[in-house]
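Since the structure comes first, as structure tokens, the remarks are kept for the end.
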Amino acid sequence: MISIGIILGSTRPGRRGEQVARWVEQRAGLRGDAEFEVVDLLDHPLPHLDELPGEYANAHTRQWAAKIASFDGFVVVTPEYNHSAPAVLKNALDFLHAEWRDKAAGFVSYGGVGGARAVEQLRLVCGALGIADVALQVTLPLATEFQDFAVLKPGEHTIAALDRMLDQVIAWSTALAPLRAAEPATVA
């Protein structure tokens, strides 16, 4: 069965991302066509690029590589900070290469304008890493999808958008499986 990692891309105190990631996990759990797991970057503290690419000498890198290699695709939950994605998320992406290749990703973003600008930048990074990002994304503006700008209360249209995005991530992850089988990711 296809395995999808839901990457919680913020470690900031007071983050709204945890409730967003749990909502994605809960909604995805209603499906029977894939397995889902939240991957919280708080549980994978990575210093700022402390190794050469592909040379995994440190335990934190080997653990991160093994976790990412275990998935067929991803849903990235990201806020928008200063018109961009959080540095901790970019760092986590940059730490690896082969483990990301030939996998699909979708995005659930939140922020003042729904996090759309953060996703625009993350799509460029995904392309460089060989991640096939799906077209559909879920944007959660703080003013309309969060009660009092704090508690996630997604509308029906947002729930439907999440379901369609998950359909794409699973379909693309399945379609890319032969490429992953031809060149399996290696965890050094």
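Derivation of every value follows stated rules applied to the coordinates shown; laboratory data play no part. As the structure is a computational prediction, the values presented were derived from the model and not from experiment. FYI the Cβ positions are ideal-geometry reconstructions off the backbone, even for glycines, and counts take in every protein chain you see.
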Residue by residue through region 60-66, the couplings from Karplus 6.51 cos²θ - 1.76 cosθ + 1.60 with θ = phi - 60°, in Hz, x for Gly and Pro, are 4, 6, 4, 5, 5, 4, 5
Given unit charges at Cβ for Lys, Arg (+) and Asp, Glu (-), the dipole magnitude of the chain about its Cα centre in debye, nearest 20, is 240 debye
Counting only DSSP beta bridges fully inside region 2-182, the antiparallel percentage to nearest 5 is 10 percent
Scalar couplings 3J(HN,Hα) for region 174-181 by Karplus 6.51 cos²θ - 1.76 cosθ + 1.60 (θ = phi - 60°), nearest whole Hz, x for Gly and Pro, are 5, 5, 7, 3, x, 5, 5, 5
PRE zone check, label point 7 Å out along Cα-to-Cβ of Gln63, amide N under 17 Å, scope region 11-36, hits 11
In nm, the gap between the two label points placed 7 Å beyond Cα toward Cβ at Ala87 and Arg164 is 3.7 nm
In terms of the charge dipole of the chain, which places +1 on Lys and Arg and -1 on Asp and Glu at the beta carbon, the residue among Leu176, Met1, Gly115 farthest towards the positive end is Gly115
Highest GNM mean-square fluctuation among Asp94, Asp102, Asp43, for the chain with Cα springs under 10 Å, belongs to Asp43
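Given the Cα-Cα distance of Gln19 and Ala177 and 0.36 nm per residue of separation, how much length would full extension add, in nm? Walk me through the numbers before you get to the answer.
Numbers: separation 158, 0.36 × 158 = 56.88 nm, distance 3.03 nm.
Difference between extended and current length: 53.9 nm.
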With bins of 10 Å, the percent of all Cα-Cα pairs of region 31-188 per bin from 0 is 11, 37, 36, 14, 2
Helix-only [θ] at 222 nm, the chain, -39500 (n - 2.57) per DSSP H run of 4+, per residue, nearest 500, equals -12000 deg cm²/dmol
Dividing the surface of the Cα convex hull of region 129-188 by four yields a projected area in nm² of 6.1 nm²
Residues whose modelled amide H sits under 5 Å from the amide H of Val75, counting only those 5 or more places away in sequence or on another chain, are Gly5, Ile6, Ile7, Gly106
Magnitude of the Cβ-charge dipole (Lys and Arg +1, Asp and Glu -1) of region 93-137 about the Cα centre, nearest 20 debye, reported as 80 debye
Contour minus Cα-Cα span, Leu42 to Lys153, at 0.36 nm per residue, comes to 37.6 nm
